[in-house]
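> Dropping the structure in here first, questions after.
The values are calculated or read from the model by the stated rules, or taken from the named source; none is laboratory data. What you see is a predicted model; the values in this text were computed from it and never measured. Every residue, glycine as well, gets a Cβ built from its backbone with ideal geometry; the counts of neighbours run over all protein chains shown. The accessibility values were calculated without ligands, DNA or RNA, using every heavy atom of the protein model including side chains. Shrake-Rupley method; radii C 1.70, N 1.55, O 1.52, S 1.80 Å.
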Amino acid sequence: MRLRSRLRLKNGRWRLATPDRVMLEDVIVPEFLGQEDITRVLDVGVAWYTRTYPRLYRGIEYHTIDVDPAMQRIAGPHHRTLSMTDLATVYPPDTFDLVMCNGVFGWGLNTADQVARGLEASANVLRPGGWLVVGWNDMAGRRVPDLDALAARHFDRAVLPAARADHLVTPTHYAHRYDFFTRR
């Protein structure tokens, strides 16, 4: 498939046009941008198609992390080269209102232990009542092991008002889904 057929022009910027990215950029992120108590966001994972995200999150203090040092050059001004499991080494407790973790579980943090450590680290840097969005592929080889049980240690499932659900599944061959949680 040619790259151009997978892109869309939105707000003067080229963006990835896959159903999961459209759902994230057109439904999920705008929901959080409309909430007054969302002022500091941590986005876990950087890629070429997230280069425009500092503008997408306009008006919000937007931070990013990625384990790959090469991502520094395309990340926003508040970027750290860091694993999600090591958030406490850089960020104090209750730093963020929202943690977006999309394409990390099953793509780097693959085992139940790794996912549990990532969730615990997220809980530590989120304020009480803060949101965690987990995007992952519900397919063999990428499936998050026991996500609900692992998340229940620190989080409650939450209904995203724009979706009227605690999760969304996009129409992709890789069964990409988003799960919504709030920190206790």
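> Using the Kirkwood formula over every pair of different C-alpha atoms, what hydrodynamic radius in Å results for the chain?
Values: mean 1/r = 0.0606 Å⁻¹.
One over the average 1/r among Cα pairs gives 16.5 Å for the chain.
> Need the C-alpha centroid separation for the range 105-184 versus the range 51-96, integer Å.
Taking the Cα centre of the range 51-96 as reference, the centre of the range 105-184 is 18 Å away.
> Now for a different question. In square angstrom, what is the accessible area per residue of the range 1-155 with a 1.4 angstrom probe?
On the way: 7480 Å² over 155 residues.
Result: 48 Å² per residue.
> Treating only the Cβ atoms of Lys and Arg (+1) and Asp and Glu (-1) as charged, compute the dipole magnitude of the range 128-184 about its Cα centre; round to the nearest 20 debye.
Working: 8 positive and 6 negative charges, 19 e Å.
I would put it at about 100 debye.
> Just how large is the dipole of the chain about the Cα centre, in debye to the nearest 20, putting +1 at every Lys and Arg Cβ and -1 at every Asp and Glu Cβ?
Working: 24 positive and 21 negative charges, 184 e Å.
With Lys and Arg at +1 and Asp and Glu at -1, about 880 debye.
> Give me the percent of the accessible area of the chain that comes from carbon and sulfur atoms, probe 1.4 Å, all protein chains in place.
On the way: 4640 of 8990 Å².
Carbon plus sulfur share of accessible area: 52 percent.
> Let me check I've understood the local charge: for ILE60, count other residues with C-beta under 15 angstrom from its C-beta, Lys and Arg +1, Asp and Glu -1. What total comes out? Show your work: numbers first, answer last.
Values: positive: ARG40, ARG55, ARG58, ARG127; negative: GLU25, GLU31, GLU36, ASP37, ASP43, GLU61, ASP97.
My count for the surroundings of ILE60 gives -3.
> With an 8 Å cut-off on Cα pairs and a minimum separation of 6 or more residues, tell me the relative contact order of the range 91-148 in percent.
On the way: 83 pairs, mean separation 29.5, N = 58.
Normalised by residue count, the contact order of the range 91-148 is 51 percent.
> OK, next. For the range 1-109, what value does the Rg/Rh ratio take when both radii are computed over Cα atoms and Rh is the Kirkwood radius, given to two decimals?
Details: Rg = 14.0 Å, Rh = 14.7 Å.
Answer for the range 1-109: 0.95.
> Ratio of Rg to Rh for the range 77-184, alpha carbon only, Kirkwood?
0.95
> Please report the net charge: other residues with Cβ closer than 12 Å to the Cβ of ALA175, K and R +1, D and E -1. Don't skip to the end; give the middle numbers.
Details: positive: ARG142, ARG143, ARG177; negative: ASP20, ASP138.
Once positives and negatives cancel, what remains is +1.
> Please name whichever of ALA88, PRO145, LEU56 sits farthest to the positive end of the charge dipole of the chain, dipole taken about the Cα centre and charges placed at Cβ: Lys and Arg +1, Asp and Glu -1.
Sorting the options by dipole projection puts first LEU56.
> Taking the chain as a Gaussian network, where each spring joins two C-alpha atoms under 10 Å apart, which residue of HIS63, HIS154, HIS173 fluctuates the most?
HIS173
> Select from the range 50-151 those trypsin sites (Lys or Arg not before Pro) which occupy a DSSP coil region and have at most 11 other Cβ atoms within 10 Å, ordered by residue number. Could the numbers behind the result be given before it?
Details: sites: ARG51, ARG55, ARG58, ARG73, ARG80, ARG117, ARG142, ARG143; in loops: ARG51, ARG58, ARG142, ARG143.
The qualifying sites are ARG58.
> Which whole-number percent is the relative contact order of the range 135-183 (Cα, under 8 Å, 6+ apart)?
Details: 64 pairs, mean separation 21.0, N = 49.
Value for the range 135-183: 43 percent.
> Before anything else, pin down the relative contact order of the range 27-165: Cα pairs under 8 Å, at least 6 apart, normalised by residue count, whole percent.
Numbers: 228 pairs, mean separation 33.0, N = 139.
Relative contact order for the range 27-165 comes out at 24 percent.
> Taking the Cβ of ARG157 as the centre, find all other residues whose Cβ is under 9 Å away and add up their charges (Lys, Arg: +1; Asp, Glu: -1).
Values: positive: none; negative: ASP148, ASP156, ASP166, ASP179.
Every neighbour counted, the sum reads -4.
> Three principal axis extents, largest first, for the C-alpha atoms of the range 140-184, in Å?
Principal-axis extents of the range 140-184 (Cα, largest first): 33, 26, 9 Å.
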